[in-house]
Every structure is written in C-alpha cells, then in structure tokens.
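Trainee: To start, I am sharing the structure in question, which I have written as structure tokens.
The values are calculated or read from the model by the stated rules, or taken from the named source; none is laboratory data. Quick caveat, the model's predicted, so the values are computed rather than measured. Here the Cβ positions follow ideal geometry from the backbone for every residue, glycine too, while neighbour counts run over all protein chains shown. Ligands, DNA and RNA are stripped out before the accessible areas are found, and what is left, the full protein with its side chains, is counted by its heavy atoms. Shrake-Rupley method; radii C 1.70, N 1.55, O 1.52, S 1.80 Å.
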Amino acid sequence: MNTMNLSKKLKSKSFRLVGEAADAMQRECYVVGGYVRDLIIGRHSKDIDFVTVGSGIELATKVGENIGPRAHLAVYRNYGTAQLHFGKTELEFVGARRESYSRDSRNPIVEDGTLDDDLARRDFTINAMAISVNADTFGELIDRYDGLGDIERRIIRTPLDPDITFSDDPLRMMRAIRFATQLDFDIEPETFAALNRNAARIEIISGERIKDELMKIMASPRPSKGWYLLLRSGLLDFIFPELVRMKGVEVVHGRAHKDNFVHTMTVLDSVAAASENVWLRWAALLHDIGKPVTKHFDDERGWTFHNHNFIGAKMVKSIFRRMKLPQGSELTYVSKLVELHMRPIALVEDEVTDSAVRRLANYAEADLEDLMVLARADITSKDEARKARYLANFDLVEEKFRDIFAKDAELNRKNPVNGNEIMELFGLPQSPEVGYFTKSLKQAIKDCEIEDTRIAAFEYVLALAREKGIEPLFDPIEREKEVEAAAESGAADKSQPDKSQPDE
Ligand code: CTP
C-alpha cells in the first residue's frame, strides 16, 4: 500500500471547510474518485466528491450552515447524496456504501459501509483512491488497490474480480475503454478478458449513457484507440454493428479491397489531429459507413461502392437516432459531409475548372473548410507519389476557393448594377422588389450563370423583369454600349459631366 501526503495539492479552501465540519461531527471524511485521480495525474477536475462514514446529507447540511447563505444545498434523498455549490465548484457528498447489484437490473441493494467497502465497489483502481480531509490526517492518501502504481504503469484495472465489477454495472465496460482512450492507458489483460466475457451485458444500459461515453472517446486526442478497443472487446457488435461490418478484406479473382475499418480509423485520427470539432470527427467516422451495403465486385472495374456516400448520409440519420445523438444541426452537418466527402477528390480527378470549384463551394457553403479537412484526411494511399499529387491538387482547389471568396466579397461591396439604377430603369420606388433584383443578380454571378459585366447584368435584370411583367423605361443595353464607345474613343461621358473640372 502506498503512503503519501497530498496536503500541499489540496489548495481549495473547501477541503479545510469540509474537514472542520466532519471533525465537529466526529466523522471520517475523504475526497474520492475522479478528483483524486486527476489531482495525481495533473489534469484539471472541477467537481469534488466527498465520502463520509455516515450520512452524506447530514455532513453536507453542516458544511452548508458553516458556509452560510451563499451555499446552495441540494439534497437527493433517494440516492442518499447532497450537493453544495462553493463558488464555481460543485461539492458532492455521499455516505460510504456497500452495494450489491442484482443481475438483471441496475438498482443496487445499498447498505451503510466503511471507507474500504466503498472503495472496493468502485470501478477502477485509479478511481478507487481517497484523500483524508480530517485535520489530524489531512492530505493522507488511502490507496488499497495500488491505483498510484497503475497510474505510473498507465493501466486500467478493476479493484475486484473484473467479472463482478462489470456485472455490478456494465456501463463500466464502456468506461474502461473511455479512460484508456482519454488517458492513453492500456487495459490490464484480466480486465480486458472480462470485457470479452461480459460484452453482451451492455444491452441493459441506456443508449443515453453509452452515447456519453462515445462522445468522450471522440473528444480524446486519438479516438481510434477507443474504437479498436470496442471492436476487440466485442462491445461494438452490440452498440454499433454497422462499424463492425466495415472490418475485413474480401478477395475475388485475386483482387482485394482495402479494410474500410482500418482506413476509417486512419481518417478519424488525421481529422482529430487537425480539428477539435467533434462533429467533424463523427463525419470522419461515418464517411464510408455506406460501403459495406453498396459493395459490389465487377469483373472489369473490380470492387465498387456505388453511391456509398448517399446511402451513408441516409444511414447517418438512423444511426444518430438510435444512438441518441443530437437530431438538429449536428446531424444535418454530419450527414452533409458524408454525402459530399468524395466531391473534392472527384473535382481534382477532372480538370479543375472555376465553375466546378464554384459549384462545390456553393454546395458546401459554410462547411467547405471542414469538407476539405475531411477530404485531405481521406487520402490514405500508401503510394506516396499519388498521395502528394492529390494533396497538391487540393492546394490548387483551395487557392481557387480563396479567389472566389475574394471575388464574392468584392461583389458584396459593389454590384455591377446597383439598386438606384434598377429604380431608375423601371421607375420603381425604394421597395423589396428592388432588393429582389439586386440579390438575384448577385446570386447569378456567384453561381456563374452570367458573366460579371454591366451588359450581362442588365440583360439578366431585363429577363427577370419580363418574367414579372415589368417594363423598362429605356433600353439600358443601348445606353451602356454608348457609354462604352464614348469611353473607348477617349471622349468625356456626356451624360455625367465631370463637375470637378470647370466648364469651358
Ligand atoms: N464510479 C464507479 N462506477 C461507475 C461510475 C462511477 O465506480 N459506473 C465511481 C468512480 O470511483 C468514479 C466516481 O464514481 O471515479 C465518480 O464518477 P464520475 O463522476 O462518473 O466519473 P469521474 O471518475 O469523475 O470521471 P469523469 O468526470 O471523466 O467522468
């Protein structure tokens, strides 16, 4: 057992306050769980869990009285817990418990217990440490299961027989993988073997709680680690069978397709290295989800995955629903990126024309930059020359995007034909109708429907007016041509004499 004093690390005033209240009640009290783990690892952890031998609610009430009216006490009698707000920190109190669970339910049979009982029923050794806050032992670490050693060895291990720990609460199987991914730890072999044996028990856990763990895996620096562990443990079969189907390589007439699971993991990690946006990471995870169902072998073309992006985008919707992932803008975004993920590659495989680049930019809109991050990550070819060629072409496409955006910005400042000219041409007052003309005109130029010149702009505006049955008061094209001719011959524009020059 490790003996260690961490009093110097317990900086928040709340530890002394809680310790004093516990001493006054002659109670043992400890900081436990994630806060202790993170304190030792050096991670920031906001909320603090206290465990006391006796009633957590009574201790919280006493601490609340000592703090005064600033403390907001919330009591959860059903769970025997209480919460106190201390500044920005949330303090959670619970009495030490012995718990046992029945096999078919998550409702434990709870009895009062000692600190040791309480630590034994926790999920992992790294989460089963406590630090005393009573004055005479303040800062002493209680570490019955060598959590400290496991932090040093970077290992996730259960304090008890892992079959018992996981069967008490099967969500802990997801937590094992989530902590291994977040902290880049390994799962100890006995603990991992128990994951394999107990994987099917995950079915009694709600989708909501599973989703929370998956979100934490996705927000980790290298999310693929979690997905590989989920696959190897057998958990993925129960929570995400569509991903399991991506694994493996099929060979027909000596021709193999790539392992789409492995490819997806490479793409996911590249995207994660490039962006913290967790929904872009989901798009990376799901970009090829339509491949297994669209896979086909063709004697001439080999393996094809026709329309896998469209089918994939549809599958995203049902997967998000089933997995309790958000149904709003996040879903729309992921589904859109899955649908569009091949467009940049298709673009550079053909000649990179301005209008093709423009069409893609219009389609992707605000998500264009993210689409390019995904498209770049999707090039996982081992042929380095080929990879370099694609990436150089993407540089070219991105340069064109920048040109187009610069042009658009210019267009937003200055329309080739402005609102005043439209009013003059049709004898219209200032009205939404004028806005309709100018907006449609800008859009037509952006969409490359017409050229960015005054004559083309007037032709377009006249055509729009005809559709609406509005007559022009004069022929603007004729006038424009006259102005152009006059400008060319170097003569001054008679219709707009330059007032800065004195008349002769
Ligand atoms: N715990 C457990 N089994 C669970 C959930 C939690 O034994 N299924 C215990 C662990 O000791 C854990 C503590 O309760 O450290 C607090 O749980 P929680 O707040 O969910 O997790 P943290 O460990 O604090 O980590 P995180 O905040 O990253 O979820």
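Trainee: Touching a strand residue (DSSP E or B) at 6+ places or on another chain (Cβ under 7 Å) and open to solvent by less than 60 Å² (accessible area, probe 1.4 Å) - does that describe any residue in region 256-275?
Mentor: Residues of region 256-275 touching a strand residue (DSSP E or B) at 6+ places or on another chain (Cβ under 7 Å): 257.
Now drop any that are not open to solvent by less than 60 Å² (accessible area, probe 1.4 Å), which leaves 257.
Yes, the conditions are met somewhere in region 256-275.
Trainee: For LEU347, are the conditions met, namely being in contact (Cβ under 8 Å) with a residue 40 or more places away in the chain and either surrounded by fewer than 17 Cβ atoms within 10 Å (Cβ to Cβ) or not assigned by TED's automatic domain parsing to the domain that holds THR438 (or both)?
Mentor: yes
Quick grid of which residues meet (1) in contact with a strand residue (DSSP E or B) (Cβ under 9 Å, 6 or more places away or on another chain); (2) under 16 Å from THR89 (Cβ atoms):
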{"site": "LEU10", "(1), (2)": "yes, yes"}
{"site": "LEU17", "(1), (2)": "yes, yes"}
{"site": "ASP23", "(1), (2)": "yes, no"}
{"site": "GLN26", "(1), (2)": "no, no"}
{"site": "VAL32", "(1), (2)": "yes, yes"}
{"site": "VAL36", "(1), (2)": "yes, yes"}
{"site": "SER45", "(1), (2)": "no, yes"}
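Trainee: If you don't mind, another one. In this structure, does ILE404 turn out to be β-branched (Val, Ile, Thr) and either closer than 30 Å to GLU480 by Cβ or crowded, with 18+ Cβ neighbours inside 10 Å (or both)?
Mentor: yes
Trainee: Same structure, new question: Of all residues being without any contact (Cβ under 8 Å) to a residue 60 or more places away in the chain and assigned to a loop (DSSP other than H, G, I, E, B) in region 1-26, which is farthest from LEU148 (Cα to Cα)? Just the residue, please.
Mentor: Filtering region 1-26 for residues that are without any contact (Cβ under 8 Å) to a residue 60 or more places away in the chain and assigned to a loop (DSSP other than H, G, I, E, B), the one farthest from LEU148 (Cα to Cα) comes out as MET25.
Trainee: Something else: For the subset of region 402-420 comprising residues that are in contact with a Lys or Arg (Cβ under 9 Å, 6 or more places away or on another chain) and in a helix (DSSP H, G or I), which member is nearest to ASP370 (Cα to Cα)?
Mentor: ILE404
Trainee: Can you tell me how many residues in region 429-448 are exposed (fewer than 15 other Cβ atoms within 10 Å of the Cβ) and either in contact with a Gly (Cβ under 7 Å, 6 or more places away or on another chain) or among the polar types (S, T, N, Q) (or both)?
Mentor: The total comes to 4.
Trainee: Cβ-Cβ distance below 9 Å, separation of 6 or more or different chains: which pairs start in region 403-423 with a residue that is farther than 26 Å from PRO472 by Cβ and end on one that is part of a helix (DSSP H, G or I) and open to solvent by 60 Å² or more (accessible area, probe 1.4 Å)?
Mentor: Cβ pairs passing all conditions: ASP403/ASP354; ILE404/ASP354.
Trainee: Further question: Could you list, in sequence order, all residues of region 353-374 that are of a type outside the set (A, V, I, L, M) and in a helix (DSSP H, G or I)?
Mentor: ASP354, SER355, ARG358, ARG359, ASN362, TYR363, GLU365, ASP367, GLU369, ASP370
Trainee: Being closer than 11 Å to GLU339 by Cβ, open to solvent by 10 Å² or more (accessible area, probe 1.4 Å) and assigned to a helix (DSSP H, G or I) is the filter here; which residues of region 280-314 pass it?
Mentor: HIS308, ASN309, PHE310, ILE311, LYS314
Trainee: For region 35-77, enumerate the residues that are open to solvent by 60 Å² or more (accessible area, probe 1.4 Å), within 16 Å of the ligand (Cβ to nearest atom) and without any contact (Cβ under 8 Å) to a residue 40 or more places away in the chain.
Mentor: GLY42, ARG43, HIS44, TYR76
Trainee: From the residues in region 16-34 that are open to solvent by less than 10 Å² (accessible area, probe 1.4 Å) and near the ligand (Cβ under 10 Å from one of its atoms), which one is nearest to the chain's Cα centre (by Cα)?
Mentor: By that ranking, first place goes to GLY33.
Trainee: Between residues in region 174-186 that are open to solvent by 20 Å² or more (accessible area, probe 1.4 Å) and residues that are near the ligand (Cβ under 10 Å from one of its atoms), which pairs lie under 7 Å by C-beta distance while being six or more apart or on different chains?
Mentor: ARG175/ASP123; ARG175/GLU213; GLN182/LYS216
Trainee: Are there any pairs, at least 6 apart or on different chains, whose C-beta atoms fall under 9 Å, with the first in region 366-379 and in the same structural domain as ALA392 (by TED's automatic domain parsing) and the second outside any helix (DSSP H, G or I) and open to solvent by 10 Å² or more (accessible area, probe 1.4 Å), and if so, which?
Mentor: From region 366-379, the pairs are ASP370/SER275; ASP370/ASN277; VAL373/SER275; VAL373/ASN277; ALA375/MET342; ASP378/MET342.
Trainee: Of these, GLU208, GLU190, which one is within 17 Å of the chain's Cα centre (by Cα) and either open to solvent by 10 Å² or more (accessible area, probe 1.4 Å) or under 27 Å from ILE319 (Cα atoms) (or both)?
Mentor: On inspection, the qualifying residue turns out to be GLU208.
Trainee: Pairs, please: C-beta under 8 Å, at least 6 apart or cross-chain, first residue among the small types (Gly, Ala, Ser) and in region 243-255, second part of a loop (DSSP other than H, G, I, E, B)?
Mentor: GLY248/ASP259
Trainee: Looking at ALA356, is it open to solvent by less than 50 Å² (accessible area, probe 1.4 Å) and free of Cβ contacts under 8 Å to residues at least 24 places away in the same chain?
Mentor: Judged against the criteria, ALA356 is a match.
Trainee: Here's a follow-up. Look at region 213-240 and say how many of its residues are charged (D, E, K, R), under 18 Å from GLU276 (Cβ atoms) and over 12 Å from the mean Cα position of the chain (by Cα).
Mentor: Of the residues in region 213-240, 2 are charged (D, E, K, R), under 18 Å from GLU276 (Cβ atoms) and over 12 Å from the mean Cα position of the chain (by Cα).
Trainee: I'm told GLN443 meets every condition in (1) in the same structural domain as ASN307 (by TED's automatic domain parsing); (2) in a helix (DSSP H, G or I); (3) of a type in the set (S, T, N, Q) except one. Can you identify the failing condition by its number?
Mentor: Going through the list (1) in the same structural domain as ASN307 (by TED's automatic domain parsing); (2) in a helix (DSSP H, G or I); (3) of a type in the set (S, T, N, Q), GLN443 breaks only (1).
Trainee: Within the bounds of region 122-133, is there any residue that is in contact with a strand residue (DSSP E or B) (Cβ under 9 Å, 6 or more places away or on another chain), open to solvent by 20 Å² or more (accessible area, probe 1.4 Å) and not aliphatic (A, V, I, L, M)?
Mentor: Yes, some residue in region 122-133 is in contact with a strand residue (DSSP E or B) (Cβ under 9 Å, 6 or more places away or on another chain), open to solvent by 20 Å² or more (accessible area, probe 1.4 Å) and not aliphatic (A, V, I, L, M).
Trainee: How about region 449-470: which of its residues are of a type outside the set (A, V, I, L, M, F, W, C) and either open to solvent by 80 Å² or more (accessible area, probe 1.4 Å) or part of a helix (DSSP H, G or I) (or both)?
Mentor: If the condition is that a residue be of a type outside the set (A, V, I, L, M, F, W, C) and either open to solvent by 80 Å² or more (accessible area, probe 1.4 Å) or part of a helix (DSSP H, G or I) (or both), then GLU449, GLU451, ASP452, ARG454, GLU459, TYR460, ARG466, GLU467, LYS468 are the ones that fit.
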